[in-house]
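Visitor: The structure follows.
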Amino acid sequence: MKCELSNREQLIEDYVTGSLSQEEMDAFDEHCFNCDICFEELRLKEEMAALIKAEGKTIFSDYLAKQKVKRVGFVRSLIDKLPRLNLEWQIPQWVYAPVAVGAVAVVCFFIAKNTILPDRTGMIPQENYVVEQKETLEINEQEQLAESQQPVQKEETKHSTEKAQDKPKNVSGGAGGVDVRQLYAENFKTSPFMEEMVNSYSVRSYAITVLSPKIDENVKGNILFQWEEIEQAPIYLKILNNQAVELYSFKPENNQFLFTEKLKPGLYYWKLESEDDVLFVGKFFME
Amino acid sequence: MTKEQETELIKRIYTGDSQAENELFSQFDSRIVRKVRFSIGTNNEDWQDVVSEIQMALLNNLREGKFDVERGASLGTYVFGITMNKIRDYFKFMKKQEIMTPIQSEVHDLSVDDDPEIEGQEIRKMLRHLLEKLKIKYKEVLYLRYYEELSVAEISQKINLPPRRVSERINYAVKLLQKECEKEKLFSIFQGILIILI
């Protein structure tokens, strides 16, 4: 009896690798009760896949051995390609002294460049610079905080903000100044572990839709954490620094939380957790 | 089996021909066993009981003339229907006994060596031998696909071959195995005949 299925090979492959739905599997099983060709092919492929999964390393030992030889051979060929140096006769001994002196001179130059040169050029010393920048940022944050809490005094606050902005213009923000991210470079470094968490939990946050802050959002002052939740369960909001150290933990209600504490500029991660599971992991930048 | 062959077989079973019953089971037994074992779990020892129930129900129905060829459904579909009903009955029964959870977790867990199905063991033995004889390029794609469980696209990247060629290579390897299996089966039949003759 001839089989009329045109996509038999693909169907069987999908069946064996578990890519079909239960209904599709049952339908194909029914077909196999009527079709010898499909049944034999399915059975063979199923047995083969199971056998390879169980004994693949033994059955294909020759292939695996060849792969190993290939890898070792590749490394060996790389080593062989390296120029063979015989240092004893190729480099005369008198060369060592000037090379050593040169190396010391290069090191001294870099040390001098980083410490002495800024003073000579009349620039603000690095340490004062950081303190001044920090003060400016604190003023900005306080003003933004006041702005969010007292909308009536907005005009006055705006005026003072302009003043504050005028003051640090030469040292921060502007094209000619130094970026906050440069000053707090350590705080903006990413944590590989948390990045992985963000990647996996921000995508599969099926129980939660986060409204704010968005992933990678730059925030200033107060932060409004907001989300929509499918299942009603106690949720914990946790804020972590860029080294994955937990800084704050809250138990918010009504799917939102206004965070009013001051955070230093940097990268922060945040998590939403139920009693026994992580529901969402996001991150934001405090500028 | 053609429609005419099916009708003939059913008639013979209806008239009490035991040879016809054997022919029926030789056609459908392996399908029933496979479906039952995959549905209730390959390590579940109840599979033999479920298969026996299906065989009994099938035989009783055919003996009593409950399957009407004129309705249009094929014998295969009819056997499949009975198989599915009995599997459902089994799950209902087990649910009542409240021991369904460990069984479900075993579904599709193929255990190679503890398989009580002799025919299956023979096929595996033959397959093992044939897989070992395959060329390295076929071994490579089969290993990556079914042992490392890589997708065709991943294999394609790994061995630097277009995805279409990877699929073709896998299918060709399966076809080779099928062909060799047929040969081996014929050879074993031939061997059996020789032994009987000697």
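The values are calculated or read from the model by the stated rules, or taken from the named source; none is laboratory data. All values reported here derive from a predicted model rather than from experimental measurement. Note that each Cβ is placed from the backbone with ideal geometry, even for glycine, and that neighbours are counted across all protein chains shown. The accessibility values were calculated without ligands, DNA or RNA, using every heavy atom of the protein model including side chains. Shrake-Rupley method; radii C 1.70, N 1.55, O 1.52, S 1.80 Å.
Visitor: Given the protein chains as shown and a 1.4 Å probe, how many square angstrom of B:Thr77 are accessible, to the nearest 10?
Guide: Per-residue accessible area (B:Thr77): approximately 40 Å².
Visitor: Which whole number gives the average count of other chain Cβ atoms within 10 Å of the Cβ atoms across peptide A:19-31?
Guide: Details: counts 1, 0, 0, 0, 0, 0, 2, 4, 0, 0, 8, 9, 3.
What the average comes to for A:19-31 is 2.
Visitor: Let me know the mean shielding of A:32-38 by other chains, meaning the per-residue number of their Cβ atoms within 10 Å of its Cβ.
Guide: Details: counts 5, 14, 11, 2, 4, 0, 0.
If you average over the peptide's residues, the count of other-chain Cβ atoms is 5.
Visitor: On to the next question. Compute, for A:Val210, the solvent-accessible surface of its heavy atoms (probe 1.4 Å) with the complete set of protein chains present, and express it in square angstrom to the nearest 10.
Guide: So the heavy atoms of A:Val210 present about 30 Å² to solvent.
Visitor: Related question: Please go through the residue pairs A:Lys189/A:Lys238; A:Lys45/B:Lys35; A:Lys45/B:Lys137; A:Lys2/A:Lys53; A:Lys45/B:Lys96 and name each one whose alpha carbons sit more than 24 Å apart in this structure.
Guide: Values: A:Lys189/A:Lys238 19 Å; A:Lys45/B:Lys35 15 Å; A:Lys45/B:Lys137 18 Å; A:Lys2/A:Lys53 32 Å; A:Lys45/B:Lys96 36 Å.
Result: A:Lys2/A:Lys53; A:Lys45/B:Lys96 exceed 24 Å.
Visitor: A further question follows. Leaving ligands, DNA and RNA out of it, rank B:Leu150, A:Leu51 by accessible area with a 1.4 Å probe, largest first. Please list the in-between numbers first.
Guide: Values: B:Leu150 35, A:Leu51 0 Å².
Largest to smallest exposure gives the sequence B:Leu150, A:Leu51.
Visitor: Still on this model: Around A:Tyr268, what is the net charge, scoring Lys/Arg as +1 and Asp/Glu as -1 over all other residues with Cβ under 14 Å from its Cβ? The partial results should precede the final answer.
Guide: Details: positive: A:Arg181, A:Lys189, A:Lys214, A:Lys220, A:Lys238, A:Lys262, A:Lys264, A:Lys271, A:Lys283; negative: A:Glu186, A:Glu195, A:Asp216, A:Glu217, A:Glu246, A:Glu261, A:Glu287.
Surrounding charge for A:Tyr268 is +2.
Visitor: How do B:Cys181, A:Cys108 stack up against each other in accessible area, from largest to smallest, with a 1.4 angstrom probe? All intermediate terms of the calculation are to be shown ahead of the outcome.
Guide: On the way: B:Cys181 10, A:Cys108 75 Å².
If we order B:Cys181, A:Cys108 from most to least accessible, we get A:Cys108, B:Cys181.
Visitor: To continue, here is another question. With heavy atoms of protein chains only and a 1.4 Å probe, what residues of the range B:127-162 have at least 40 Å² less accessible area in the full set of chains than alone?
Guide: B:Leu127, B:Arg128, B:Leu131, B:Ile136, B:Lys139, B:Glu140, B:Tyr143, B:Arg145, B:Tyr146, B:Tyr147
Visitor: Would you rank B:Arg71, A:Arg71, A:Arg43 by solvent-accessible area, highest first, keeping every protein chain in place and using a 1.4 Å probe? Please list the in-between numbers first.
Guide: On the way: B:Arg71 190, A:Arg71 145, A:Arg43 20 Å².
The ranking, largest first, comes out as B:Arg71, A:Arg71, A:Arg43.
Visitor: For the pairing of chain B with chain A, what total accessible surface becomes buried, with a 1.4 angstrom probe, in square angstrom to the nearest 100? Write out the running numbers ahead of the final one.
Guide: Details: alone 13760 and 20780 Å², together 30310 Å².
Answer for the B-A pair: about 4200 Å² buried.
Visitor: Also, quick follow-up: Could you work out, residue by residue across B:24-34, how many beta carbons of other chains sit within 10 Å of that residue's beta carbon, and then give the average as an integer? Walk me through the numbers on the way to the answer.
Guide: On the way: counts 0, 0, 0, 2, 2, 0, 3, 8, 1, 0, 6.
Partner-chain Cβ atoms within 10 Å, mean over residues of B:24-34: 2.
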